Amino acid sequence: MPIIIGSPRSGTTLLRLMLDAHADLAIPPETGFLVPCAKPTGPAAVSREDFFQTVTGYPAEAPGWHDFQISQDTFRAALRTIEPFTVAEGIRVFYRLYASRFGKSRWGDKTPLYCMHAQSIEALLPEAHFVHIIRDGRDVALSLRPMWFAPGRDIETLATHWRQCVTTGRRQGSLCRHYMEVRYEQLIENAREVLAGICEFLDLDFDDRMLRYHEFAPERLREHQGRFRPDGSVVVTHEQRLGQQYRTTQPPDRSRAFVWKREMPRDEQRRFDAIAGDVLGEFGFTRT
């Protein structure tokens, strides 16, 4: 089971749509609910209904269940067939239902911030194979800054966020049985070679459809519904979510590598380096 992780705006959606284009593999929009599901529950067993509410109501401030286009009744009925019920089997039922929408036999996940929780997720789902996509942090900062989910706008906050994501992802991943790193810059430069390596890691035959992901992306992105708070107020619209991913409807764009060299002011380059320059070096990126 591939689980794509990484700092947000590192190419996780691009990689998701590439792998999802494979004839055998379905990867839903971001889930997030594996984090509460993977938390230790102590001696008390989790009931089907508690599990159902956790999955369908996550996150509480703006649930994303509608993205998956699985009816709650269908999901609840499928959970009733599990004997004995376990959280892990409940999760597998969700992914199986999602993959069955497309007639596919395998499934995965793409939730960038699972990079902070890889060990607990692996403890829950031993089949997890983490694919950590890493992009130059300065490009990530420029891409993340205008997004509704950005942790902040100042370069120090963005640099700290990238640093935490990539270092925690590598540290946790190194303690997992199945973990690999890929570079965004290499993915857009030589998609076939990088995807072939990922397929080998996943014991998945290579499928040329993955290289034509952009032909399927518009239809796949239609799943990205608007997010609303319980009081009905809007967090983000369907149109805004499509806009933030519009580049994935086009072939790989090599001009998106190292954008910071021409678009990030020198002062911000120096300030980013002061926060995360050592990590840029650790991952092989040129420092200013």
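Rounded, prolate or oblate: pick one for the range 95-152, where a ≥ b ≥ c are the square roots of the eigenvalues of its C-alpha gyration tensor, a/c under 1.5 means rounded, and failing that, prolate if a/b is larger than b/c, else oblate.
Values: a/c = 2.62, a/b = 1.73, b/c = 1.52.
Since a/c reaches 1.5 and a/b is larger than b/c, the shape of the range 95-152 is classed as prolate.
Here's how it looks for VAL235: its modeled amide H is under 5 Å from those of ARG227, PHE228, ARG229, which are all 5 or more places away or on a different chain. For the pair LYS261 and THR286, label points projected 7 Å from Cα toward Cβ lie 0.4 nm apart. Using the Karplus relation 6.51 cos²θ - 1.76 cosθ + 1.60 with θ = phi - 60°, the per-residue 3J(HN,Hα) values for the range 254-262 come to 5, 6, 7, 8, 6, 4, 4, 5, 10 Hz, with x marking Gly and Pro.
Give me the percent relative contact order of the range 93-161, please, defined on Cα pairs under 8 angstrom at least 6 residues apart.
Values: 27 pairs, mean separation 10.9, N = 69.
RCO, the range 93-161: 16 percent.
Work out the FRET efficiency for ASP205 and GLN69 from their Cβ-Cβ distance, taking R0 = 30 Å, and round it to the nearest 0.05.
Working: r = 27 Å, r/R0 = 0.90.
It comes out at approximately 0.65.
Across the range 174-179, coupling constants 3J(HN,Hα) worked out from phi with the 6.51/-1.76/1.60 Karplus curve, θ = phi - 60°, read 5, 9, 9, 6, 10, 8 Hz, and Gly and Pro carry x. Note on the range 49-109: with neighbouring protein chains present and a 1.4 Å probe, carbon and sulfur make up 52 percent of its accessible heavy-atom surface. In the chain, the calculated helix contribution to ellipticity at 222 nm averages -13500 deg cm²/dmol per residue, counting -39,500 (n - 2.57) for every DSSP H run with n ≥ 4.
Taking every DSSP beta bridge that has both ends in the chain, the antiparallel portion is near 15%. In 10 Å bins starting at zero, report the fraction of Cα pairs in the range 1-155 per bin as a rounded %. For the range 1-155, the pair-distance distribution reads 10, 37, 36, 14, 3, 0.
Springs join every pair of Cα atoms under 10 Å in this Gaussian network model of the chain, and among PRO251, PRO29, PRO265 the largest mean-square fluctuation is at PRO265.
Note that the range 197-288 shows a convex hull volume over its alpha carbon atoms of 203 Å³ per residue.
The distance separating the Cα centre of the range 195-240 from that of the range 1-40 comes to 9 Å.
Near TRP107, the amide H atoms lying under 5 Å from its own belong to ALA26; only residues 5 or more places off or on other chains count, and H is placed 1.01 Å from N.
Using the Kirkwood radius built from alpha carbon pairs, what does the Stokes-Einstein equation give as D for the chain at 4 °C and 1.567 mPa s, in µm² per second?
Values: Rh = 19.7 Å.
Rounded to a whole number, D works out at 66 µm²/s.
Once R0 is set to 30 Å, what does the formula 1/(1 + (r/R0)^6) return for the Cβ-Cβ distance between ALA88 and MET180, expressed as a FRET efficiency to the nearest 0.05?
Values: r = 23 Å, r/R0 = 0.76.
It comes to 0.85.
Working from Cα pairs under 8 Å separated by at least six residues, relative contact order for the chain is 27 percent. Calculated FRET efficiency, GLU193 and ARG153, Cβ-Cβ r, R0 45 Å, to nearest 0.05? Once the sixth-power term is evaluated, E becomes 0.80.
Once you keep just the Cα pairs under 8 angstrom separated by 6 or more residues, what percentage relative contact order results for the range 89-217?
With pairs under 8 Å counted, the relative contact order is 26 percent.
Calculated over the range 171-214, the projected area of the Cα convex hull averaged across directions stands at 3.7 nm².
The string of couplings for the range 185-199 from the Karplus curve (6.51, -1.76, 1.60, θ = phi - 60°) is 4, 6, 5, 7, 7, 8, 4, 4, 5, 5, 5, 4, x, 5, 4 Hz, one whole number per residue in order, with x for Gly and Pro.
For VAL182, nonlocal amide neighbours, meaning residues 5 or more places apart or on other chains whose placed amide H falls under 5 Å from its own, are HIS132, ILE133, ILE134.
If you filter the range 31-91 for GluC sites (Glu not before Pro), then keep DSSP loop positions with at most 12 other Cβ within 10 Å, what is left?
Values: sites: GLU49, GLU61, GLU89; in loops: GLU61.
Hits after loop and neighbour filter: GLU61.
The values are calculated or read from the model by the stated rules, or taken from the named source; none is laboratory data. From a predicted model like this one, the values you see are computed outputs, not experimental measurements. All Cβ positions, glycine included, derive from the backbone under ideal geometry; neighbour counts span all protein chains shown. Surface accessibility is based on the protein's heavy atoms, side chains included, excluding ligands, DNA and RNA. Shrake-Rupley method; radii C 1.70, N 1.55, O 1.52, S 1.80 Å.
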